[in-house]
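A short reminder: the numbers here are calculations on the coordinates, not readings from a lab. Nothing here was measured: the structure is a model prediction, and the numbers come from that model. Cβ sites come from the backbone with ideal geometry, for glycine too, and all protein chains shown count toward neighbours.
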Amino acid sequence: MKYPLIEPPPGTPATPSPSRRGFLKHIQVLLPLAAGFLWLSVAGAADTSSGKAPKDRVHYRLVGCNGRANCCMNCRFFKPAERGMCMGMMEARCQVVAGSVSPMGYCDLFVPIRPAA
């Protein structure tokens, strides 16, 4: 026995099948949200004594930015020490990463001082 096809009532729009373009539009929204949740989880796992994220959790590297724009010295959270040039740079701090940081270091929480135009 064959069953007849059930058709939608007249005037009802057909449901479109999923497309790659529609999928990519949804991903553009979901990826920044996922990155935000990841950042919150890193911030939530911060060192309770200082309220800052541990270096290993944010993939901090002491050196290696090699003049790229994402060096600590170009980050909004970077704070040089109050002392003179050399010692001040070696004792620089970050507002979000625990411990001292290098101006030539970098991590996953980089935020530029001035947004790119």
Q. Which net charge results for the neighbourhood of M104, defined as the other residues with beta-carbon distances under 12 angstrom from its beta-carbon, given Lys and Arg at +1 and Asp and Glu at -1?
A. +2
Q | Exposure proxy ranking, count of Cβ atoms within 10 Å, fewest first, for E91, E7 | A | E7, E91
Q) For Y106, Y60, what ranking results if the residue with the fewest other Cβ atoms within 10 Å of its Cβ goes first? A) Y60, Y106
**Q.** Fully extended contour minus Cα-Cα distance, from E7 to V63, at 0.36 nm per residue
**A.** 13.6 nm
**Q.** J(HN,Hα) series, region 94-99, from Karplus relation 6.51 cos²θ - 1.76 cosθ + 1.60, nearest Hz, glycine and proline x
**A.** 10, 6, 10, 10, 6, x
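Determine, for V58, V97, V63, the number of other Cβ atoms within 10 Å of each Cβ, and report the residues in order from fewest to most. Don't skip to the end; give the middle numbers.
Numbers: V58 22, V97 26, V63 11.
By the 10 Å Cβ count, ascending: V63, V58, V97.
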